[in-house]
1. Checking the condition at pLDDT below 95 and part of a helix (DSSP H, G or I), which residue from 116, 68, 55 passes?
2. Do we find that residue 47 is on the phi > 0 side of the Ramachandran plot and either touching a helix residue (DSSP H, G or I) at 6+ places or on another chain (Cβ under 9 Å) or surrounded by fewer than 15 Cβ atoms within 10 Å (Cβ to Cβ) (or both) in this structure?
3. Do you know which residues across the range 225-240 are under 15 Å from residue 204 (Cα atoms) and assigned to a loop (DSSP other than H, G, I, E, B)?
4. On the basis of being over 28 Å from residue 204 (Cβ atoms) and in a loop (DSSP other than H, G, I, E, B), does residue 131 make the cut?
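The values are calculated or read from the model by the stated rules, or taken from the named source; none is laboratory data. Please read these numbers as outputs of a predicted model, since none were measured by experiment. Using ideal geometry, Cβ is built from the backbone for each residue, glycine included, and neighbour counts are taken over all protein chains shown.
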């Protein structure tokens, strides 16, 4: 009798959790549809607010951030526009529409920062990793890993010398591919989860030579500028911009990507 009661209680709990999950998913879908319609009706602030509600609920996607960026672009809000597109690009680096929108958004920023040259290795990693998203690289790594096991089995159990030799060569190739795909997956995941970049949200801010209001003035950045965070100290971040200049900025003046 006790076991029956426990089983019924467990089934009830599972059913309740699934009902809540489904209701939440349906609510998000409804909100997303409503936000898209608001954007079509030129109600850009309403659309932006509803997209933000979805993000607050814990959902995120490249499409969601891209739509949010579109809304902010129409509202003429520089930093939120660039921030949304940057986040969309992190999740879908190979999406041409998002890259196009990000390029247009960056032109809204006042500061013209000429980046330093990057190493060949860095350029190759960026070019290759941006072909697919982290999840796609992960799927390719799994497929390659299964192919590796399959070919290794052929190599071990085949009695045909030609098949055995071909299986071995293909085994080596798929093993290298699996490692490369996994490396791209981790590289893209690191860019998303440990992204060091941020966007200036203040209309203009003086970068200090040390983490103090009394520190010397290093240079000035304006809304929409992109920078890399190197370290933090109390309410200050040490930052570096693309041309190599470094300094300290108060935490309230930026938002991490």
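1. 55
2. Values: on the phi > 0 side of the Ramachandran plot: no; either touching a helix residue (DSSP H, G or I) at 6+ places or on another chain (Cβ under 9 Å) or surrounded by fewer than 15 Cβ atoms within 10 Å (Cβ to Cβ) (or both): yes.
For residue 47, the condition - on the phi > 0 side of the Ramachandran plot and either touching a helix residue (DSSP H, G or I) at 6+ places or on another chain (Cβ under 9 Å) or surrounded by fewer than 15 Cβ atoms within 10 Å (Cβ to Cβ) (or both) - is not met.
3. Matches in the range 225-240: 225 only.
4. Taking the combined requirement at face value, the residue satisfies it.
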